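Structure, as structure tokens:
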Amino acid sequence: MKRLFCRVAPVTILLAVCIMSGIILSIARTQDVFALSESVQTSAQSMLLLENSTNRVLYERNADKKRPMASTTKIVTAITVIENASDLERTVKVPSAAVGVEGSSVYLEHDEELKIIDLLHGLMLQSGNDCAVALAITVGGSVEKFAEMMNVTAKKAGATNSNFVNPHGLHDDNHYTTARDLALISSYAMKNPVFESIVSTKRYTMPWKGRDYDRVVMNKNKILSTFDGGDGIKTGYTKRAGRCLVSSATRDGMRVICVVLDCGPMFEECGALMERAFSEYKLEKVCSTDKVCTVAVREGKEVGVDCAPEKELYYPLKDGEIEKIELHIEKADELIAPVVEGVEVGKIKITLANRLLFEEKLVTIKGVNELDYLDRLKEVISGW
């Protein structure tokens with residue numbers, strides 16, 4: 001396997017000559033990517049802001065401090081339900097344990113019949129603790145079993161310093177997360193179209209047992225109506241956790257997610273941090289599917305085959321960073337015909353400031369037929 005190194009400096013060269021691509025979100029050595037973030041001042045006890053498609057951390061403060069997170073817990077609850085419920089349109093009966101749960105509520109009644117999707121909207125818009133318990137028992141069989149499922153979901157999202165013991169976020173000393181973990185969980189959840197749709201909904205109606213009118217739930221997240229591009233995701237508050245917010249916004253194809261824990265002016269600070277992110281960073285194409293190299297072909301109608309990554313790759317960059325992008329190609333010495341399109345022939349590594357961002361497959365972008373009888377005869381004749 002040959003190792004080929006290509007340093008990319010000017011943007012024109014990046015986009016026209018040495019452009020590469022690969023499978024988006026195939027990010028390696030995540031701890032190195034975190035090292036590219038910037039520490040910022042905030043009144044939040046813990047804060048982290050990341051770009052959603054790559055999970056690049058842009059700003060952080062006390063991001064690994066374990067803290068209570070109140071109703072932002074419901075982010076984990078919702079995505080766990082969505083991934084584990086067989087049919088979100090299924091009608092279920094509200095269990096007695098879900099009636100009269102402390103804190104925010106949509107006032108469910110015992111044996112009231114609602115769809116799982118209705119309960120999810122009550123959970124995420126009005127922050128219904130009764131919806132949280134109803135969903136936990138419906139999907140997990142019990143609150144305790146469902147909490148185990150929540151922890152599995154969190155680990156799948158990349159959270160390593162969290163523990164969930166209930167689906168609503170009412171205080172428990174063993175119920176905690178970090179700003180980093182909560183951001184990763186939120187980023188994971190926002191990639192699910194059902195979750196994304198629910199948390200961006202401002203108003204939702206559902207049936208109300210014993211009444212001739214529907215129950216209306218309104219989203220408590222002011223980011224949806226006060227911030228340009230705001231599209232999620234969840235508020236939270238308890239005396240022990242303080243005011244907590246996970247917010248999301250999308251502009252020019254780039255979505256950022258901001259987590260603030262124990263932050264008085266949570267909407268204002270999330271808005272200011274997201275505004276700063278959009279002004280300082282752009283989601284830039286660092287790889288395309290254009291040809292990046294050629295691999296020799298033996299016994300083929302052509303002497304070589306063009307190769308490229310499979311997909312385009314984008315990464316959030318600030319001014320001057322694109323000059324620090326470097327591309328490293330490792331490819332096979334040669335192939336033997338026939339060669340088909342899409343054959344893996346090596347890999348590409350993309351680094352920023354010597355930190356690995358992506359490692360992707362390098363594949364052929366066309367086929368090469370093997371020499372036939374006449375081709376071989378011509379070779380013999382030309383050799384004479």
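Data overview
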{"item": "Those residues of segment 102-130 which are out of contact with any Gly (no Cβ under 8 Å at 6 or more places or on another chain), surrounded by fewer than 23 Cβ atoms within 10 Å (Cβ to Cβ) and within 17 Å of Thr72 (Cα to Cα), in sequence order", "result": "Glu102, Gly103, Gln126"}
{"item": "Glu60 under 30 Å from Lys318 (Cα atoms), open to solvent by 20 Å² or more (accessible area, probe 1.4 Å) and within 23 Å of the chain's Cα centre (by Cα)", "result": "yes"}
{"item": "Qualifying residue in segment 198-210 (condition: within 19 Å of the chain's Cα centre (by Cα), more than 19 Å from Tyr59 (Cα to Cα) and among the hydroxyl-bearing types (Ser, Thr, Tyr))", "result": "yes"}
{"item": "Elements of type strands (runs of 3 or more DSSP E) in segment 125-239, at least 3 residues being in contact with a Lys or Arg (Cβ under 8 Å, 6 or more places away or on another chain), farther than 25 Å from Ser96 by Cα and touching a residue at least 24 places away in the same chain (Cβ under 8 Å)", "result": "230-238"}
{"item": "Residue list for segment 259-271, restricted to those being under 12 Å from Ser43 (Cα atoms) and among the small types (Gly, Ala, Ser)", "result": "Gly264"}
{"item": "Of all residues making up segment 288-332, the number that are part of a loop (DSSP other than H, G, I, E, B) and either over 25 Å from Leu58 (Cα atoms) or polar (S, T, N, Q) (or both)", "result": "11"}
{"item": "From Asp64, Asp32, Asp111, Asp87, residue being among the charged types (D, E, K, R) and either modelled with pLDDT under 95 or part of a strand (DSSP E or B) (or both)", "result": "Asp32"}
{"item": "Criterion: part of a strand (DSSP E or B), at pLDDT 95 or above, under 21 Å from Ser187 (Cβ atoms) and open to solvent by 20 Å² or more (accessible area, probe 1.4 Å) - qualifying residue of Glu269, Glu284", "result": "Glu284"}
{"item": "Breaking point among (1) closer than 17 Å to Thr42 by Cβ; (2) of a type outside the set (Asp, Glu); (3) modelled with pLDDT under 95, for Thr289", "result": "(1)"}
{"item": "Single residue of segment 287-307 satisfying the filter (polar (S, T, N, Q) and open to solvent by 30 Å² or more (accessible area, probe 1.4 Å)) that is farthest from Pro338 (Cα to Cα)", "result": "Thr289"}
{"item": "Qualifying residue in segment 332-349 (condition: touching a residue at least 12 places away in the same chain (Cβ under 8 Å), within 20 Å of Glu284 (Cβ to Cβ) and surrounded by fewer than 18 Cβ atoms within 10 Å (Cβ to Cβ))", "result": "no"}
{"item": "Counted residues, segment 206-249 - those being touching a Gly at 6+ places or on another chain (Cβ under 9 Å), within 22 Å of Lys191 (Cβ to Cβ) and either open to solvent by 10 Å² or more (accessible area, probe 1.4 Å) or β-branched (Val, Ile, Thr) (or both)", "result": "5"}
{"item": "Condition check for Asp252: surrounded by fewer than 20 Cβ atoms within 10 Å (Cβ to Cβ) and more than 26 Å from Lys191 (Cα to Cα)", "result": "no"}
{"item": "Residue within segment 250-259 that is out of contact with any Phe, Trp or Tyr (no Cβ under 7 Å at 6 or more places or on another chain), under 23 Å from Glu196 (Cβ atoms), modelled with pLDDT of 95 or more and acidic (Asp, Glu) present", "result": "yes"}
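The values are calculated or read from the model by the stated rules, or taken from the named source; none is laboratory data. No experiment lies behind these values; they were computed from the predicted model shown. Cβ coordinates were reconstructed from backbone atoms using ideal geometry, including for glycine residues, and neighbour counts include every protein chain displayed. Ligands, DNA and RNA are excluded from the accessible area calculation, which covers all protein heavy atoms including side chains. Shrake-Rupley method; radii C 1.70, N 1.55, O 1.52, S 1.80 Å.
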